[in-house]
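First comes the structure, then the notes that go with it.
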Amino acid sequence: MEKPTPPLAVPSEAASETTAMPDEWCARHFDHLSPDLAATMPATMARMRELHPVARSEEHGGFWVVSGYDEALAVAQDWAAFSSAQGLNIPRAQLVVRNLPVEADPPEQRVYKRLINPYFTPAAVEPWAEATRALADRLIDSFIESGSCEFMNEFARPFPSLAFFQLAINAPEEDLEKVAYMASKSSTPDDPESRECWQGLFAWIRDFTRARKDAPPRGDVVDAVVRAEIDGRPITEQEIIGTVQLLVLGGLETTAGALGLMLDRFCADPSIPALLRERPELIPSASLELLRLDPSFVAVARTATRDVEVGGCPMKAGDRVLIHWASANRDVREFPDADSFDPARERNRHLSFGAGPHRCAGSNLARMNLRVALEQILTRMHDIRLADGAKVKYHRGLTRSPDTLPITFTPGPRLTPAS
């Protein structure tokens, strides 16, 4: 007798499990750095879309928050009216150098993006898949026999970091832990360690790229950056550091957060991993649907360059504007039954990698990493649950991920003998 096929569309429990922030907070005091928002994001952003797809917050000196899909896409695509050159954070982060190419506007932005794009095409990253799979298995081997792990520290953070360091930029593995820590702290502007971590990240990248410039070429993206010419002149050290800084931030923090949010959802709704184990051919599309529901790249800032109207709201030149990708991804105007997980969704133009000229250059690498990680996790780890008594808290700011995610599962065998 054949087993019944599980339904593809699975209603999300996340939005119903939390209470939205008060309407007055949504209307006038929206704060993307609030831990309360991190804890209640699906419900709060649903209320924002219902009441104020475009709202004016009085926090952080005043800024606009754009939560509807059409409005977010319009702002992201209109780089001439909404500039990235004045920073991606609200309040502005205390950067040592600007992140390139995302903190530049076309045509300057295109020059830097052309340096890195060839190294992150689907054809460029797919040959790394089996080495990436070996990394995933190595990490799973370290805890599979115990039947439990702290998923963020034991898999979600080291997995993309190791893959990025070893395969993309050929950086020393022994530096990974401190660089990942600095990247995480740097992404929250009001964190007391933020400025120190920006400075530490700057120093590490400066020393790393200087060493690579003097070393024999490795044929990777770092070589392309350190030996580049910009408009007929040698690239400056500040430009080198800014470009590699963006690669590091994108390669470490956001993919780790996406993995943590995916496992968080698996714990909340075991029917999703059950479906994907039964139908593994759905994993590539499922990973994109999971990214739509729970993106780790939550929001980004722009600055209005002229008086302009968005969603019926008049903005003035110089106004700061926060595009909320995570909210736009749940807009029912674009995504029918938006709170449900549906790996067969016919049209999934999610904004988890951004949109417009600044769309994430590393999206192909991220998709490959997530696909491989899910394949190995679903194959080797069964009955995944949140550890008894665990309460998940979320990193806040422009990115979102579980701070910790203690899980249990059925113990399994190692693939390689313990040394």
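Name every residue in the range 221-280 that is acidic (Asp, Glu) and closer than 25 Å to SER401 by Cα, in order of residue number.
GLU253, ASP264, ASP269, listed by residue number.
Kindly indicate whether GLU108 is among the charged types (D, E, K, R), in contact with a helix residue (DSSP H, G or I) (Cβ under 9 Å, 6 or more places away or on another chain) and surrounded by fewer than 21 Cβ atoms within 10 Å (Cβ to Cβ).
no
For ASN364, all conditions in the list (1) closer than 30 Å to ALA80 by Cα; (2) surrounded by fewer than 17 Cβ atoms within 10 Å (Cβ to Cβ) hold save one; what is the number of the exception?
Of everything listed in (1) closer than 30 Å to ALA80 by Cα; (2) surrounded by fewer than 17 Cβ atoms within 10 Å (Cβ to Cβ), ASN364 misses just condition (2).
Restricting attention to the range 287-307, and to residues there that are under 22 Å from HIS395 (Cβ atoms), part of a loop (DSSP other than H, G, I, E, B) and not aliphatic (A, V, I, L, M), which single residue is farthest from the chain's Cα centre (by Cα)?
ASP294
Scanning the range 366-419 for residues that are under 16 Å from the mean Cα position of the chain (by Cα) and among the small types (Gly, Ala, Ser), which turns out modelled with the highest pLDDT?
Looking at residues that are under 16 Å from the mean Cα position of the chain (by Cα) and among the small types (Gly, Ala, Ser), I get ALA373.
So which residues in the range 308-333 are out of contact with any strand residue (DSSP E or B) (no Cβ under 7 Å at 6 or more places or on another chain), part of a loop (DSSP other than H, G, I, E, B) and closer than 25 Å to PRO101 by Cα?
The one that is out of contact with any strand residue (DSSP E or B) (no Cβ under 7 Å at 6 or more places or on another chain), part of a loop (DSSP other than H, G, I, E, B) and closer than 25 Å to PRO101 by Cα: ASN329.
Can you tell me which of PRO336, PRO411, PRO417, PRO343 is buried (at least 19 other Cβ atoms within 10 Å of the Cβ) and in a loop (DSSP other than H, G, I, E, B)?
Answer to the selection: PRO343.
Looking at the range 79-101, is at least one residue outside any helix (DSSP H, G or I), surrounded by fewer than 20 Cβ atoms within 10 Å (Cβ to Cβ) and hydroxyl-bearing (Ser, Thr, Tyr)?
The answer is yes; a qualifying residue exists.
Restricting attention to the range 111-123, which residues are among the β-branched types (Val, Ile, Thr) and surrounded by fewer than 20 Cβ atoms within 10 Å (Cβ to Cβ)?
Across the range 111-123, the qualifying residues are VAL111, THR121.
Among the residues of the range 54-77, write down those that are in a loop (DSSP other than H, G, I, E, B), surrounded by fewer than 24 Cβ atoms within 10 Å (Cβ to Cβ) and in contact (Cβ under 8 Å) with a residue 60 or more places away in the chain.
GLY62, GLY68 - these are the residues of the range 54-77 that are in a loop (DSSP other than H, G, I, E, B), surrounded by fewer than 24 Cβ atoms within 10 Å (Cβ to Cβ) and in contact (Cβ under 8 Å) with a residue 60 or more places away in the chain.
Which condition from (1) under 23 Å from PHE63 (Cβ atoms); (2) touching a residue at least 40 places away in the same chain (Cβ under 8 Å); (3) not in a loop (DSSP other than H, G, I, E, B) is the one that SER352 breaks?
(3)
State all residues of the range 125-169 that are modelled with pLDDT of 95 or more, not in a helix (DSSP H, G or I) and not aliphatic (A, V, I, L, M); if no residue qualifies, say none.
SER142, PHE143, GLU145, SER146, GLY147, SER148, CYS149, GLU150 - these are the residues of the range 125-169 that are modelled with pLDDT of 95 or more, not in a helix (DSSP H, G or I) and not aliphatic (A, V, I, L, M).
Kindly indicate whether PHE159 is farther than 23 Å from ARG206 by Cα, within 17 Å of the chain's Cα centre (by Cα), surrounded by 20 or more Cβ atoms within 10 Å (Cβ to Cβ) and in contact (Cβ under 8 Å) with a residue 40 or more places away in the chain.
yes
The values are calculated or read from the model by the stated rules, or taken from the named source; none is laboratory data. Not measured: the values here are computed from a predicted model. As a convention, Cβ positions derive from the backbone with ideal geometry for all residues, glycine included, and neighbour counts pool all protein chains shown.
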